[in-house]
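Peer 1: Here's a structure for you.
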C-alpha cells in the first residue's frame, strides 16, 4: 500500500474512533497541553474540534519543551500529550492540580513518568506500544552493520584517502531484553546468516511461557536458526558477537551494561543500544571502545539525552556510531504514534477506554 494510503487510513481511523467520544466533551472545554507539534495530519484531531479547540495549548517551537513553560501552562489542564523528554513528576502534577485526568506519552517507554505519583492522584497514562516495533528493529540492524563495519571511523579514513577493512561478526547474536522489538530484529538478522541466538530477559516471566515462545520462534526461523537459548547476564556478555540492548529503562536496568560487563565481551564483539540510554554506562562504553575491549558500538539512545553535546564521551569515540534517537523516526511510525497519543488523551479525558493504557495500579 502506498504511504499516502497508509496516512489517509490512519487519520481516518482515528477520526472515526474519536467521533464516539465527542458527546462526552461537548459539555465542557477541557484544557489540553501538547508539548510537541504533532504535524498537519494529527494536530487537526485536536485543533479542529468545536468541543476543545479553544483549550489546546501548544509548545510550537522545534526543540524540547521548556520546563518553566510546562509548569506554567499545565495549570488547570485535563490532559497532556508529551514525548520522552518531558519529566512527569510530583512537581508537575501539583502544578496541574486536581483537574488533570490523563498523561499521554508518545513513546513505548515510560520511565520519564513517575507512575506511583500518578497512581496516588488517579491520573491515567496512555502510551504507544507496538506501533514502533518495526522501525526500531530496522534501526537496530542498521546500527549493527555500521558498527560491525566501523562506519563512523572508516568514513573519515576514506575522506583522508586511506582504506581499511573490518570484520562483521554475526553469530551468535545476543539480546539484553527479548520482547517484540528483539523478535523483529532477530527476524531481520536471519538473512544475514545468523544461526545462533542467546538472550537475557525479565526474570519475572514464567519459564513455561518463555519455553513455548522460544519453541515457536525457533520453528518460525528454521532451518536457518539452529539455536535459541536463555542465558544469564555473564554468559550473554561472554558469548555475544553482536549484543543488542533492547531492555526497558528504569532503576532495575540502570547500567546493567557497565565496565565489568564490557570487560567480559569479546574483542571483536559489537554492542548496539536502541533501547534506553540508561541501560548502558556511557563512560564505561567509551573506555571499552578507546581501549579496544570491544570492536565497536552503535547507539541510538544515550544517557542524559537530549542534552548530548560534543563533549559527551561517546561522541568523542570514533568507533561509536551514534544517532540522535531516531529509532521510531519513519514518517508512518511517527504518524501512528502521534495519532495514538491524541486518541489516548481524548479517551482519557472523556473517561472512556483508552486504546493503549498503562495500568498504574500494577
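Rule-based calculations on the coordinates, nothing more; no lab input. Small disclaimer: the values here were computed from a predicted structure and weren't measured. Neighbour counts are summed over all protein chains in view; Cβ atoms, including those assigned to glycine, are modelled from backbone coordinates with ideal geometry.
Peer 1: Taking neighbour Cβ counts within 10 Å as the exposure measure, how do 265, 106 sort from fewest upward?
Peer 2: So the residues, fewest neighbours to most, are 265, 106.
Peer 1: Still on this structure, please answer the following. Could you work out how far the C-alpha centroid of the range 280-343 sits from that of the range 89-135, in angstrom?
Peer 2: 23
Peer 1: Could you sort 127-135, 68-76, 275-283 so that the peptide with the highest average Cβ count within 10 Å comes first and the rest follow in order?
Peer 2: 275-283, 127-135, 68-76
Peer 1: Would you mind computing Rg(Cα) / (2.2 N^0.38 Å) for the range 133-322, counting N as its residues?
Peer 2: Rg over 2.2 N^0.38 Å, computed on Cα atoms: 0.99.
Peer 1: Counting only the backbone N, which residues of the range 209-225 are under 11 Å from the spot 7 Å out from the Cα of residue 195 toward its beta-carbon?
Peer 2: Residues 224-225 qualify, since their backbone N sits under 11 Å from the label point.
Peer 1: First obtain the Kirkwood hydrodynamic radius of the range 295-345 from its Cα pairs, then insert it into the Stokes-Einstein equation at 4 °C and 1.567 mPa s, and state the resulting D in µm² per second as a whole number.
Peer 2: The calculation lands on 101 µm²/s.
Peer 1: If you stretched the chain out fully between residue 290 and residue 29, how much longer would it get, using 0.36 nm times the residue separation minus the C-alpha to C-alpha distance?
Peer 2: So the extension gain works out to 88.3 nm.
Peer 1: Using Cβ counts within 10 Å as a stand-in for footprinting exposure, how do 244, 331, 84 rank, fewest first?
Peer 2: Result, fewest neighbours first: 331, 84, 244.
Peer 1: Taking the Cβ of each residue in 197, 35, 345, 65 as the centre, tally the other Cβ atoms inside 10 Å and list the residues starting with the fewest.
Peer 2: Ascending Cβ contact count within 10 Å gives the list 65, 35, 197, 345.
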